[in-house]
Amino acid sequence: MKVFKFGGASINSIERIQNVARIIQSFSGEKLLIIISAMGKTTNGLEKVAEAFFAGDKEMALQLFHQIKEEHVKVLAQLNPAATNILSDLFTEVEWLLHDKPLREYDYYYDQIVCCGELLSTAIVSNYLNSIAVTNSWVDVRDIFRTDDNFREAGIDWQFTEQKVQQDIVPLFENTDIVITQGFVGATDENESTTLGREGSDYTAAIFANMLNAESQTIWKDVEGVMNADPKLFPDAQFIAALSYTEVIEMAYYGAQVIHPKTIKPLQNKSIPLHVRCFLKPALPGTIIGNEPVRNLPPIIVLKSNQVLMQFNSKDFSFVEDTLVSKLHDLFVEIKIRPNLSQNGAISLYCSLDNWPEKIEKLALAASELFDVQVEKDIVLLTVRHYTDAVVAKLTANKTELLSQRTRETLQVLLKDK
């Protein structure tokens, strides 16, 4: 049993979907559970639908969703002209919601709408594979993954989910070698859709790999494997052939987009190797991630843009430690936002956070009852693992350094253009 995960870039055109089919066919005779993300920029498009709906602009939300519908119907028709409208129930699920009025928090509606992307893409790919005699079973992962109701960052009910995997997924492999399902998505015990966090499809695949005692998990990407930096930002990024679980956890924690932060633990618990391979060049071996430590790694560079630096100053010059900091962290939990970097002074606390406007505004307003709050936007958080002075000097040239922290292995610095 192998677990594969194909991201949105791997299926963003007819040619690439056909390419994915060829990769799957090359593993003929093997048992494969395959996770597929939403096509191309569909998730971004559905986020705009959710934003318009929550803002009360129903017509705009419906118009934006109609565009997404048309794109998917067109792709299905091109891949399999004989296909019936297998997508209609999935469309109706969202349209029914869009004709309502928002009465709950934004994160709830986000999950009900955005989860549609994965359901549409997997339905299309599954149908196409069956049409070319690559027999497979399609599963709605919401029937398998039970979560809590922490919308947009849902937690897995491991015991219930494992029961469903053994009860509903394992028997499917008695009749077919291939099962196709969605990443990123789950459902509460009241059948409300949830998501596991942006880019959570890797995590979904790891959970399945763990529960199925898979031989391996493979993430298929548009790069030859794990690089020491984002090649879109750093054309001279270096390929890394092997990494340890520990190193990848650190990379993911600091924001490297190659793998979802929660992916490693389910694999590490059962020593399941993780492969990162290129769907454009499937003959390449890619990167292998496992238990063995790897020495002499190059500097690993992570840039997180669109950061907000929030400064929380004590109103009466009292120390911010203890009570005030504790209350601030309670606000982080309540608002569901986590600092990427924080640093205490005597009477102030500095935090770098992702710029989610609705959450930043809510946090600033709530924290202003405890602190004098200052907000600075358009910040970049640079993290370098295994840094050297020369690399740091190059990356910070012509930038204003707002705050920095370093350990023996890792440097983090907040930067702004001069």
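Things to note:
- Candidates per GluC sites (Glu not before Pro) in region 163-235, loop by DSSP, up to 15 other Cβ within 10 Å: E190, E215
- Mean projected area (nm²) of the alpha-carbon convex hull when region 273-418 is viewed from all directions: 12.3 nm²
- Lysines with Cα under 24 Å of K31, excluding same-chain neighbours fewer than 8 positions away: K2, K5, K164, K221, K265, K270, K281
- When the square roots of the Cα gyration tensor eigenvalues are ordered a ≥ b ≥ c, the ratio a/c for region 177-235 is 1.5 or more and a/b does not exceed b/c, which makes its shape oblate.
- The trypsin sites (Lys or Arg not before Pro) of region 173-232 meeting both criteria, a DSSP state outside H, G, I, E and B (loop) and at most 16 other C-beta atoms within 10 angstrom of the site's C-beta, are R198, K232.
- Cα gyration tensor, region 225-345 - rounded (a/c under 1.5), prolate or oblate: prolate
- A simple charge model with +1 on the Cβ of Lys and Arg, -1 on the Cβ of Asp and Glu and nothing else charged puts the dipole of the chain at about 1360 debye relative to its Cα centre.
- Using only alpha carbons, region 121-244 has a radius of gyration to Kirkwood radius ratio (Rg to Rh) of 1.02.
- Selection from G117, L90, N80, by position along the positive dipole direction of region 79-128 (Cβ): N80
- Dipole magnitude of region 248-378, debye to nearest 20 (Cβ charges: Lys/Arg +1, Asp/Glu -1, about Cα centre): 900 debye
- Overall form of region 253-298 per C-alpha gyration tensor (a/c, 1.5; a/b vs b/c): rounded
- Span per principal axis, largest first, for the Cα atoms of region 158-211 (Å): 32, 24, 17
- The distance linking region 66-90 with region 126-166 is 21 Å (Cα centroid to Cα centroid, whole angstrom).
- Phi angles of region 232-248 translate, via the Karplus equation with coefficients 6.51, -1.76, 1.60 and θ = phi - 60°, into HN-Hα couplings of 6, 9, 10, x, 9, 4, 9, 6, 10, 6, 8, 9, 8, 3, 4, 5, 5 Hz per residue; Gly and Pro are given as x.
- Normalised by 2.2 N^0.38 Å, where N is the number of residues, the alpha-carbon radius of gyration of the chain equals 1.03.
- Cα-projected label distance for I14 with L103, points at 7 Å along beta-carbon direction, nm: 4.5 nm
- For region 13-24, 3J(HN,Hα) per residue [Karplus equation, 6.51 cos²θ - 1.76 cosθ + 1.60, θ = phi - 60°, Hz, x = Gly/Pro]: 7, 4, 4, 6, 5, 5, 5, 4, 4, 5, 4, 4
- Solvent-accessible surface of region 322-398, taken per residue with a 1.4 Å probe and all protein chains present: 54 Å².
- Quotient of C-alpha Rg and 2.2 N^0.38 Å, computed over region 16-156: 1.13
- By the helix-only formula, in which each DSSP H run with n ≥ 4 contributes -39500 (n - 2.57) and the sum is divided by residues, the chain has a 222 nm mean residue ellipticity of -10500 deg cm²/dmol.
- Estimated from the Cβ-Cβ distance and a Förster radius of 25 angstrom, the FRET efficiency linking K327 and V375 is about 0.85.
- Cα-based Rg of region 90-150 normalised by 2.2 N^0.38 Å, two decimals: 1.39
- Modelled this way, with points 7 Å down the Cα-to-C-beta line, the labels at E30 and V391 are 3.2 nm from one another.
- Rounded to whole Hz, the Karplus (6.51, -1.76, 1.60) HN-Hα couplings of region 141-153, x for glycine and proline: 4, 5, 7, 10, 8, 8, 10, 7, 9, 7, 4, 6, 9
- Counting only residues at least eight positions apart within a chain, or on another chain, the aspartates and glutamates with an alpha carbon under 19 Å from that of K416 are D354, E376, D378, E401.
- Set of aspartates and glutamates with alpha-carbon distance to K232 below 17 Å, sequence-local pairs under 8 removed: D222, E224
- Counting only protein heavy atoms and using a 1.4 Å probe, the accessible area of H386 comes to about 40 Å².
- Around V294: net Lys/Arg minus Asp/Glu count, Cβ-Cβ under 14 Å: -2
- Dipole-positive endmost among I17, S28, L46 within region 1-65 (Cβ charges, Cα centre): S28
- Taking 1.306 mPa s as the viscosity and 10 °C as the temperature, the Stokes-Einstein diffusion coefficient of region 281-345 based on its alpha-carbon Kirkwood radius rounds to 95 µm²/s.
- Each peptide in 41-47, 75-81 was scored by the mean count of other Cβ atoms within 10 Å over its residues; highest first, the order is 41-47, 75-81.
- Positive-end residue, region 205-324 charge dipole about Cα centroid, Cβ charges, pick of P282, P293, L243: P282
- Antiparallel %, DSSP beta bridges [both residues in region 109-249], to 5: 65 percent
- Annotation note: trypsin sites (Lys or Arg not before Pro) in region 291-391 located in DSSP loop regions with a Cβ neighbour count of at most 13 within 10 Å are R295, K315.
The values are calculated or read from the model by the stated rules, or taken from the named source; none is laboratory data. Because the structure is predicted, anything quoted here is derived from the model rather than measured. So basically every Cβ, Gly included, is an ideal-geometry build from the backbone, and we count neighbours across all protein chains shown. The protein model used for the area step is the full one, side chains on, heavy atoms only, and it has no ligands, DNA or RNA in it. Shrake-Rupley method; radii C 1.70, N 1.55, O 1.52, S 1.80 Å.
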